[in-house]
Amino acid sequence: MRRLLLLRHAKSSWATPALADHDRPLAPRGIRAVGTLRRHVAGQPIVPDVVLCSTARRTVETWEGIAPAFPPDTRVDYAEDLYGATSAQLLRRLRQVAPPAECVLVIGHNPGIADLANRLAGSGDLQLRRRLGAKFPTGALATLLVAGRWTDLGWGTAELADYVVPRQLDPTDTT
């Protein structure tokens, strides 16, 4: 089974309204959430072979914040086309992942990342799937199990194995 991790970037800052959306950094709350996520993934059997990360500043900062939980030579592909990508575009990108990759982490944006998670999750714990369908807030991480090759990935073909949000991991987080 392959593992697909879908992570929505942590909470971004709106402190500088004139700043282009692509250039917005993480907010202090987002930085705290990234620390919570880093501690969570460090305790999981999660080691991505490749990370697909949007080039937006907040996604890059989210990756940089959790990266210490992974081997330092983890391959990261920064892709501008992940910024604002739809679920269909994200699916096409995932189908291009090279066969040796067993675990892929995608760091992206809503609505595409949430829609992708919901459309891929054809099975798994019903309670988790309901939570996933209800809300995919900033810092949310969905873990899906994928049978077969990345080229075969399609709607409803993955199993939702886990779904966490920073607030669940750290009750003091209000994300």
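For the stretch 81-110, how many residues meet the condition of being within 23 Å of Thr62 (Cβ to Cβ) and outside any helix (DSSP H, G or I)?
16
Conditions (1) farther than 20 Å from Lys135 by Cα; (2) modelled with pLDDT under 95, marked per residue:
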residue	(1), (2)
Pro17	yes, yes
Leu52	yes, no
Glu80	yes, no
Leu116	no, no
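Taking the options Gly84, Gly108, Gly139, Gly124, name whichever one is in contact (Cβ under 8 Å) with a residue 60 or more places away in the chain and on the phi > 0 side of the Ramachandran plot.
Working: Gly84 fails: in contact (Cβ under 8 Å) with a residue 60 or more places away in the chain; Gly108 fails: on the phi > 0 side of the Ramachandran plot; Gly124 fails: in contact (Cβ under 8 Å) with a residue 60 or more places away in the chain.
Matching residue, one of Gly84, Gly108, Gly139, Gly124: Gly139.
May I ask you to list pairs of residues, at least six apart or on different chains, whose Cβ atoms are under 6 Å apart, with the first in the stretch 66-81 being more than 10 Å from Leu105 (Cβ to Cβ) and the second being β-branched (Val, Ile, Thr)?
Pairs that qualify, where the first residue is more than 10 Å from Leu105 (Cβ to Cβ) and the partner is β-branched (Val, Ile, Thr), are Ala69/Val41; Arg75/Val50; Tyr78/Thr55; Glu80/Thr55.
Is it true that Val146 is aliphatic (A, V, I, L, M), touching a Ser or Thr at 6+ places or on another chain (Cβ under 9 Å) and over 27 Å from Ala27 (Cβ atoms)? Please lay out each step first, then the result.
On the way: aliphatic (A, V, I, L, M): yes; touching a Ser or Thr at 6+ places or on another chain (Cβ under 9 Å): yes; over 27 Å from Ala27 (Cβ atoms): yes.
Judged against the criteria, Val146 is a match.
What number of residues within the stretch 26-56 are assigned to a loop (DSSP other than H, G, I, E, B) and buried (at least 23 other Cβ atoms within 10 Å of the Cβ)? Step through it out loud before you land on a result.
Step one: filter the stretch 26-56 for residues assigned to a loop (DSSP other than H, G, I, E, B), giving 27, 43-49, 55-56.
Checking the rest, the ones that are also buried (at least 23 other Cβ atoms within 10 Å of the Cβ) come to 56.
Total meeting the criteria: 1.
Output the residue which, of all residues in the stretch 119-175 that are among the small types (Gly, Ala, Ser), within 17 Å of the chain's Cα centre (by Cα) and farther than 17 Å from Leu91 by Cβ, is surrounded by the fewest Cβ atoms within 10 Å (Cβ to Cβ).
Of the stretch 119-175, the ones among the small types (Gly, Ala, Ser) are 121-124, 133-134, 139-140, 142, 147-148, 154, 156, 158, 161.
Going one step further and asking which of them are within 17 Å of the chain's Cα centre (by Cα), we end up with 121, 133-134, 139-140, 142, 158, 161.
Filter once more, keeping what is farther than 17 Å from Leu91 by Cβ: 133-134, 139-140, 161.
On the way: Gly133: 14, Ala134: 7, Gly139: 26, Ala140: 27, Ala161: 18.
Within the stretch 119-175, the match that is surrounded by the fewest Cβ atoms within 10 Å (Cβ to Cβ) is Ala134.
Considering the stretch 62-74 alone, what residues qualify as being β-branched (Val, Ile, Thr) and outside any helix (DSSP H, G or I)? Quick ask: steps written out before the conclusion?
In the first step, residues of the stretch 62-74 are kept if they are β-branched (Val, Ile, Thr); the result is 62, 66, 74.
Once the filter is applied, which keeps residues that are β-branched (Val, Ile, Thr) and outside any helix (DSSP H, G or I), the stretch 62-74 yields only Thr74.
Looking at (1) more than 24 Å from Met1 (Cβ to Cβ); (2) not in a helix (DSSP H, G or I), find the lone condition where Thr59 falls short.
Of the numbered conditions (1) more than 24 Å from Met1 (Cβ to Cβ); (2) not in a helix (DSSP H, G or I), the odd one out for Thr59 is (2).
Exactly one condition in (1) free of Cβ contacts under 8 Å to residues at least 12 places away in the same chain; (2) farther than 26 Å from Arg167 by Cα is false for Thr16; which is it?
The number of the failed condition is (2).
The values are calculated or read from the model by the stated rules, or taken from the named source; none is laboratory data. Since the structure is predicted, the reported quantities are computational estimates derived from the model, not experimental observations. Glycine gets a Cβ as well: all are built from the backbone with ideal geometry, and neighbour counts include every protein chain shown.
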